[in-house]
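S.K.: This is the structure I want to talk about, given as structure tokens.
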Amino acid sequence: MSASDAFRARVAKAVADRRVVQAVHLATWRKVSARQAGFALLRNAEELRDLASQIKQHTLENLPQYLEQFVTQVRRVGGQIHWAKDAAAARAIICDLARGYASHLAVKVKSMTTEEVDLNHALEAIGVRVVETDLGEFIVQIDHDRPSHIVTPIIHKDRRQIAAAMAREIGCEYTEDPTELTKLARRYLRDIFRRCDLGISGVNFGVAETGTICLCTNEGNGRMSTTRPRVHIALMGIEKVIPRMRDLAVFLKLLSRSSTGQPMGSYTTLITGPKRPADPDGPERLHVVLLDNGRADILRGPFAEVLKCIRCGACLNACPVYRNIGGHAYNSVYPGPIGSLVTPLLNADRRHDDLPRASSLCGACYVACPVKINIPDLLVKLRAATRARQPWGKRAALRAWCWAMCSASTYRQGQRLMRTFLPDDGEGWTTRGVGPLGEWTATRDLPRPPSKSFRQLWEEGLADER
Amino acid sequence: MNVALFVTCLTDTFFPRVGTAVVHVLRHFGCHVEFPTEQTCCGQPAYNSGFHAEAAVLARRMIEVFEPYETVVSPSASCATMVRHHFPTLLAADPRWHLAAQRLAGRTFEFATFLRDRLAVDLGACLWFDEPVTFHYPCHARDIYGVDGLQSWLAQVPHIDLRVPEHADLCCGFGGVFAVEHAPISTAMVHDKLEGLAATGARLVLCNEGGCTMQIAGAARRRGLPLRFKHIAECLAESLGLLEPEP
């Protein structure tokens with residue numbers, strides 16, 4: 001099966017799954033309203049988005065300088081820095097550290113970057129048990145599933161599935177009550193937190209000025225996972241660095257608001273180095289692993305703007321395509337509009353060529369983006385960059401069509417052909433077509449061209465009427 | 001005012017009545033309308049598909065065809081957006097063409113915004129509906145219509161029973177080539193759109209975009225929904241007695 005057929009098969013399955021489609025519709029619309037309500041409370045939302053976009057732009061343009069400053073500051077406060085060229089290097093570095101600390105039980109804060117490098121499997125393979133501590137991510141893990149949203153990993157699940165997974169995997173009594181389920185998970189995770197020896201997190205923002213890493217969570221698990229274990233390893237994409245602490249304030253105003261509509265997340269954790277002698281708690285060792293994995297290449301190319309993304313998920317929630325196919329159809333850690341850019345860019349092969357094309361370019365993502373990434377324009381640009389890999393028939397058809405449009409007489413012949421070849425159901429509609437047209441008429445009727453085009457009407461008298 | 005009509009290939013072929021209505025309404029408001037018959041398509045399908053060299057050929061052709069005209073008006077929001085926003089980007093590499101593209105962009109208008117912003121038409125005095133009406137905004141016109149679309153302008157019409165659909169700015173799923181290339185997604189999207197429109201209870205849908213109309217009307221007919229679709233130009237022409245009302 002070709003990559004394109006595989007994508008189409010996933011889409012066909014996704015749109016037919018009414019349960020998931022309904023769950024995703026409900027959740028995304030709820031988040032869209034929450035985001036709009038959250039932004040309505042800001043007096044200067046547009047200015048704030050512009051500022052955030054400019055800060056990211058400036059940082060990306062001077063990335064080596066800010067990374068160097070960040071690295072220097074992390075070291076100064078006692079943290080250790082590791083550079084990972086790609087996913088394999090990141091896994092190797094973190095596995096080596098885990099081995100070195102003789103770790104058996106690692107707790108994880110939800111992190112898309114660790115998903116990107118597929119860290120959990122690598123750790124399990126060397127005998128380290130990894131437990132996800134974000135509730136959604138925990139449920140994904142115990143149900144042997146994959147996240148389908150970058151902020152709300154179980155957006156595709158309903159409470160019955162969650163209840164079944166909890167009863168099966170942690171041996172509790174079956175209940176569908178969300179409060180009860182949360183309490184059960186909490187009790188289970190408390191025991192894990194008591195016994196864990198390694199904490200692993202991503203990084204929402206790395207502040208160059210101070211060497212601070214910032215984690216934004218809603219459940220407090222981020223703080224538990226980075227204070228309780230002796231060692232904290234943070235995996236950070238190189239694009240996550242921002243210049244100053246005061247810039248962080250701008251992003252904190254936007255991140256949760258864009259994600260869930262909250263003015264700020266429940267827990268904003270700022271970590272500047274490991275435990276100091278006078279500190280009552282905190283890890284003895286802090287390791288920051290800086291991940292490239294294709295980002296430096298993106299930065300040098302025409303799609304650098306995608307690196308502004310702060311992974312708020314607002315574009316997923318706003319997207320009518322995501323709403324109907326859910327996250328799994330994208331077959332990527334990063335689904336939705338931003339995923340349709342980032343996935344093919346991070347994996348520069350033909351596997352994901354369909355993603356940028358599976359969009360009506362409606363721009364709802366652009367309207368929602370807190371850092372104003374022009375996603376629809378970038379999708380078109382990415383389509384252009386991969387056009388040579390499009391099927392021969394499509395390329396030929398588009399070229400032929402352009403050729404026909406280059407003269408008014410071939411254009412008119414095209415109009416006549418259409419009138420001849422679009423079958424009439426007797427009421428001026430086409431209900432059964434063949435070829436690409438059949439794709440349309442499988443689910444929609446197509447209006448037939450009336451007997452005279454506008455230009456005929458114009459020439460036959462409209463031009464002279466007054 | 002002299003106005004050249006850029007009718008667009010979809011309107012020309014599938015919705016000639018809209019083109020006729022535009023001509024009548026522009027004349028009613030004192031414009032002298034010309035129709036450069038050499039015009040074909042603006043190249044949007046090629047542009048959106050990433051076939052930019054081909055789209056650039058059509059863009060340059062279109063610039064030449066409309067070169068003699070001081071004002072260009074189009075009944076299609078998305079084709080107007082193609083000219084206004086994408087032509088200059090598409091032709092950015094060649095300074096001469098880039099300048100020409102910017103000049104055309106600056107004098108090309110979508111029909112409804114042209115009436116509102118350039119002719120300052122008082123809708124209240126020339127448009128009426130004898131039934132509830134709802135509407136669909138073409139997404140690609142978001143920036144030319146402004147943040148609230150045409151809603152506040154329509155609200156000036158006295159006694160209008162304007163039924164604002166839930167999620168008014170939701171895409172209909174047309175997207176040009178996308179509608180056939182990824183038909184199952186496109187279909188799921190139009191069903192969401194129809195749900196919102198049908199829930200308003202109105203049977204008349206205002207839609208100023210031929211592509212969206214094909215998509216939504218086609219899906220509505222397949223589903224047996226009794227919705228009718230009209231361009232604002234048709235409604236104006238009927239209200240002003242310039243066109244026979246269509247049932």
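S.K.: What residue, among those in region B:213-234 that are more than 10 Å from every other protein chain (Cβ to nearest Cβ) and part of a helix (DSSP H, G or I), is farthest from B:ARG116 (Cα to Cα)?
M.R.: Initial filter on region B:213-234 (more than 10 Å from every other protein chain (Cβ to nearest Cβ)): B:224-228, B:230-234.
After this cut, where a residue has to be part of a helix (DSSP H, G or I) as well, the list is B:232-234.
Details: B:ILE232: 12, B:ALA233: 12, B:GLU234: 16 Å.
Per the stated criteria, the residue is B:GLU234.
S.K.: Something else: Output the residues belonging to region A:15-24 that are under 13 Å from A:THR152 (Cβ atoms) and either away from chain B (no Cβ under 13 Å) or without any contact (Cβ under 8 Å) to a residue 60 or more places away in the chain (or both).
M.R.: Hit for region A:15-24 is A:ALA23, nothing else.
S.K.: B:ILE144 fails exactly one of the following numbered conditions: (1) among the β-branched types (Val, Ile, Thr); (2) modelled with pLDDT of 95 or more; (3) under 18 Å from A:VAL367 (Cβ atoms). What is the number of that condition?
M.R.: All conditions are met except number (2).
S.K.: Any idea how many residues of region A:431-465 are within 38 Å of the chain's Cα centre (by Cα), facing another protein chain (nearest Cβ under 7 Å), surrounded by 16 or more Cβ atoms within 10 Å (Cβ to Cβ) and not charged (D, E, K, R)?
M.R.: Number of matching residues: 4.
S.K.: Could I ask something else about it? Within the set of pairs 6 or more residues apart or between chains, which connect a residue that is within 17 Å of A:PHE251 (Cβ to Cβ) inside region A:297-315 to a residue that is acidic (Asp, Glu) and assigned to a helix (DSSP H, G or I) with Cβ atoms less than 7 Å apart?
M.R.: From residues that are within 17 Å of A:PHE251 (Cβ to Cβ), the pairs are A:LEU307/A:GLU239.
S.K.: From the list A:ARG350, A:ARG357, exactly one residue is surrounded by fewer than 22 Cβ atoms within 10 Å (Cβ to Cβ) and either in contact (Cβ under 8 Å) with a residue 12 or more places away in the chain or basic (Lys, Arg) (or both). Which is it? Show your work before the answer.
M.R.: Values: A:ARG357 fails: surrounded by fewer than 22 Cβ atoms within 10 Å (Cβ to Cβ).
The match here is A:ARG350.
S.K.: Considering only residues that are more than 9 Å from A:ARG448 (Cα to Cα), more than 9 Å from chain B (Cβ to nearest Cβ) and among the aliphatic types (A, V, I, L, M), which ones fall in region A:407-430?
M.R.: A:LEU417
S.K.: Being more than 14 Å from chain B (Cβ to nearest Cβ) and loosely packed, with under 14 Cβ neighbours inside 10 Å, is that true of even one residue in region A:25-35?
M.R.: Just the residues of region A:25-35 that are more than 14 Å from chain B (Cβ to nearest Cβ), to begin with: A:27, A:34.
Filter again for loosely packed, with under 14 Cβ neighbours inside 10 Å, leaving none.
No; the residues of region A:25-35 include none that is more than 14 Å from chain B (Cβ to nearest Cβ) and loosely packed, with under 14 Cβ neighbours inside 10 Å.
S.K.: Given the criteria within 30 Å of A:SER103 (Cβ to Cβ) and out of contact with any strand residue (DSSP E or B) (no Cβ under 9 Å at 6 or more places or on another chain), does A:VAL333 qualify?
M.R.: On the way: within 30 Å of A:SER103 (Cβ to Cβ): yes; out of contact with any strand residue (DSSP E or B) (no Cβ under 9 Å at 6 or more places or on another chain): yes.
For A:VAL333, the condition - within 30 Å of A:SER103 (Cβ to Cβ) and out of contact with any strand residue (DSSP E or B) (no Cβ under 9 Å at 6 or more places or on another chain) - is met.
S.K.: Is there any pair with a first residue in region A:87-98 that is farther than 10 Å from A:VAL128 by Cβ and a second that is assigned to a helix (DSSP H, G or I) and not aliphatic (A, V, I, L, M) whose Cβ atoms are under 8 Å apart and which are 6 or more apart or on different chains, and what are they?
M.R.: Matching pairs, first to second residue: A:ALA87/A:GLU116.
S.K.: Having 2 or more residues that are surrounded by 22 or more Cβ atoms within 10 Å (Cβ to Cβ) and more than 8 Å from every other protein chain (Cβ to nearest Cβ) is the bar; report the strands (runs of 3 or more DSSP E) wholly within region B:1-113 that clear it. Step through it out loud before you land on a result.
M.R.: Details: elements: B:2-5, B:32-34, B:72-74, B:108-110.
Because the criterion is at least 2 residues that are surrounded by 22 or more Cβ atoms within 10 Å (Cβ to Cβ) and more than 8 Å from every other protein chain (Cβ to nearest Cβ), the strands (runs of 3 or more DSSP E) in region B:1-113 that meet it are B:2-5, B:72-74, B:108-110.
S.K.: Pick from B:ARG163, B:ARG142: which is among the charged types (D, E, K, R), over 30 Å from A:GLY433 (Cα atoms) and within 13 Å of chain A (Cβ to nearest Cβ)?
M.R.: After applying the criteria, what remains is B:ARG142.
S.K.: Still on this structure: Between A:LEU248, A:LEU254, A:LEU184, which is in the same structural domain as A:LEU63 (by TED's automatic domain parsing), surrounded by 14 or more Cβ atoms within 10 Å (Cβ to Cβ) and in contact with a Pro (Cβ under 8 Å, 6 or more places away or on another chain)? Walk me through how you get there before you give the answer.
M.R.: On the way: A:LEU248 fails: in contact with a Pro (Cβ under 8 Å, 6 or more places away or on another chain); A:LEU184 fails: in contact with a Pro (Cβ under 8 Å, 6 or more places away or on another chain).
Answer to the selection: A:LEU254.
S.K.: Tell me, which helices (runs of 4 or more DSSP H) lie completely within region A:1-104 with 2 or more residues that are within 26 Å of A:ALA368 (Cα to Cα) and in contact with a helix residue (DSSP H, G or I) (Cβ under 6 Å, 6 or more places away or on another chain)? Even if it seems obvious, please write down each step before you answer.
M.R.: Details: elements: A:3-16, A:18-40, A:45-61, A:63-76, A:87-100.
Correct list: A:3-16, A:18-40, A:45-61.
S.K.: Of these, B:PRO247, B:PRO184, which one is without any contact (Cβ under 8 Å) to a residue 40 or more places away in the chain, in a loop (DSSP other than H, G, I, E, B) and surrounded by fewer than 24 Cβ atoms within 10 Å (Cβ to Cβ)? Break it down into steps so the answer makes sense when it comes.
M.R.: Values: B:PRO184 fails: in a loop (DSSP other than H, G, I, E, B).
Step by step, each of B:PRO247, B:PRO184 is checked, and only B:PRO247 is without any contact (Cβ under 8 Å) to a residue 40 or more places away in the chain, in a loop (DSSP other than H, G, I, E, B) and surrounded by fewer than 24 Cβ atoms within 10 Å (Cβ to Cβ).
S.K.: Moving on to the next point. Do we have A:SER359 as farther than 24 Å from B:THR89 by Cβ and at the interface with another protein chain (Cβ under 9 Å from one of its Cβ atoms) here?
M.R.: So A:SER359 fails the test.
One line per residue, one yes/no per condition, for (1) part of a loop (DSSP other than H, G, I, E, B); (2) of a type outside the set (Gly, Ala, Ser); (3) crowded, with 16+ Cβ neighbours inside 10 Å; (4) facing chain A (nearest Cβ under 9 Å):
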position	(1), (2), (3), (4)
B:TRP153	no, yes, yes, no
B:ALA188	no, no, yes, yes
B:GLU195	no, yes, no, no
B:ALA198	no, no, yes, no
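S.K.: Against the definition (within 18 Å of the chain's Cα centre (by Cα) and either closer than 22 Å to B:GLY124 by Cβ or more than 8 Å from chain A (Cβ to nearest Cβ) (or both)), how does B:ALA168 come out, yes or no? Explain how you work it out, then say what you get.
M.R.: Working: within 18 Å of the chain's Cα centre (by Cα): yes; either closer than 22 Å to B:GLY124 by Cβ or more than 8 Å from chain A (Cβ to nearest Cβ) (or both): yes.
Yes: the conditions hold for B:ALA168.
S.K.: In this structure, is B:ALA179 under 19 Å from the mean Cα position of the chain (by Cα), more than 8 Å from every other protein chain (Cβ to nearest Cβ) and of a type in the set (A, V, I, L, M, F, W, C)?
M.R.: Values: under 19 Å from the mean Cα position of the chain (by Cα): yes; more than 8 Å from every other protein chain (Cβ to nearest Cβ): no; of a type in the set (A, V, I, L, M, F, W, C): yes.
So B:ALA179 does not fit the description; no.
S.K.: Restricting attention to region A:417-458, which residues are charged (D, E, K, R) and over 26 Å from B:ALA183 (Cβ atoms)? Talk me through it step by step, then tell me what you get.
M.R.: If we filter region A:417-458 for residues that are charged (D, E, K, R), which is where we start, we get A:419, A:424-425, A:427, A:432, A:439, A:444-445, A:448, A:452, A:455.
Answer for region A:417-458, where residues must be charged (D, E, K, R) and over 26 Å from B:ALA183 (Cβ atoms): A:LYS452, A:ARG455.
S.K.: In addition: Of all residues in region B:196-212, which are within 16 Å of the chain's Cα centre (by Cα), within 16 Å of B:GLY149 (Cβ to Cβ) and of a type outside the set (Asp, Glu)?
M.R.: Filtering region B:196-212 down to residues within 16 Å of the chain's Cα centre (by Cα) leaves B:205-212.
When the remaining residues are screened for being within 16 Å of B:GLY149 (Cβ to Cβ), the result is B:205-209, B:212.
Of everything in region B:196-212, those that are within 16 Å of the chain's Cα centre (by Cα), within 16 Å of B:GLY149 (Cβ to Cβ) and of a type outside the set (Asp, Glu) turn out to be B:VAL205, B:LEU206, B:CYS207, B:ASN208, B:CYS212.
S.K.: Name every residue in region B:235-244 that is small (Gly, Ala, Ser) and not in a loop (DSSP other than H, G, I, E, B), in order of residue number.
M.R.: Correct list: B:ALA237, B:SER239.
S.K.: Let me ask something else about it. Please list, ordered by first then second residue, the pairs with beta carbon atoms under 9 Å, 6 or more apart or interchain, first in region A:386-407 and within 24 Å of B:GLN39 (Cα to Cα), second among the small types (Gly, Ala, Ser) and assigned to a loop (DSSP other than H, G, I, E, B).
M.R.: Pairs found: A:LEU398/B:SER49; A:CYS402/B:GLY43; A:MET405/B:GLY43.
S.K.: Hey, among A:ASN324, A:ASN317, which residue is under 19 Å from A:LYS372 (Cα atoms), modelled with pLDDT of 95 or more and out of contact with any Leu (no Cβ under 7 Å at 6 or more places or on another chain)?
M.R.: Numbers: A:ASN324 fails: under 19 Å from A:LYS372 (Cα atoms).
None of the other options fit; the residue is A:ASN317.
S.K.: Is it true that some residue in region B:65-73 is touching a residue at least 40 places away in the same chain (Cβ under 8 Å) and under 24 Å from A:LEU379 (Cβ atoms)?
M.R.: Scanning region B:65-73 turns up no residue that is touching a residue at least 40 places away in the same chain (Cβ under 8 Å) and under 24 Å from A:LEU379 (Cβ atoms).
The values are calculated or read from the model by the stated rules, or taken from the named source; none is laboratory data. Not measured: the values here are computed from a predicted model. All Cβ positions, even for glycine, are placed from backbone atoms using ideal geometry, and neighbour counts span all protein chains on display.
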